[in-house]
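For reference, the structure discussed in these notes is given below.
The values are calculated or read from the model by the stated rules, or taken from the named source; none is laboratory data. All of these numbers come straight from a predicted model, not from anything done at the bench. Here the Cβ positions follow ideal geometry from the backbone for every residue, glycine too, while neighbour counts run over all protein chains shown.
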């Protein structure tokens, strides 16, 4: 299945929240997000010829985005290649920052807690929060459904504990 350049751009535009979620979850520093998003876009473009339409484009995009984020930050590499400003392809990170701040402290705390998870658990929880079923997550991540279920359960417990500690810590500082 071949996707023309214009349709690819449209699909990226329709699914750009995936890029923002992955970048926000895998980049501790806001300045690193454009680099990661650019790397994801490059890999999506390079892999486009292998997209066969058996899964939704968003599912395929998530799989590539998460794999790129995991490998990009495990290796600690940064690319010093020619960069194309993300605004040129319609991606505005400032808009995402504004939206995150509008949602308030709860979302910011959730993203901070997710950011403390290891790379695989971050990917699992992002997919889960986006409504993917365990079987879909298993296929995207190359894991068994049982492993996904177990890992998600542990990840949710870890997040609840982390958020409870944060909340306790905030309450203690207020007193």
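Scanning the stretch 9-34 for residues that are in contact with a helix residue (DSSP H, G or I) (Cβ under 9 Å, 6 or more places away or on another chain) and surrounded by fewer than 16 Cβ atoms within 10 Å (Cβ to Cβ) yields 9, 13, 14, 17, 28, 30, 32.
Picking from residues in the stretch 35-67 that are free of Cβ contacts under 8 Å to residues at least 40 places away in the same chain and closer than 21 Å to residue 111 by Cα, the one that is surrounded by the fewest Cβ atoms within 10 Å (Cβ to Cβ) is 67. When the criteria are applied in full, residue 37 meets the requirement of being at pLDDT 90 or above and assigned to a helix (DSSP H, G or I).
Here residue 152 meets the list (1) modelled with pLDDT under 85; (2) not assigned by TED's automatic domain parsing to the domain that holds residue 40 almost entirely, failing just condition (1).
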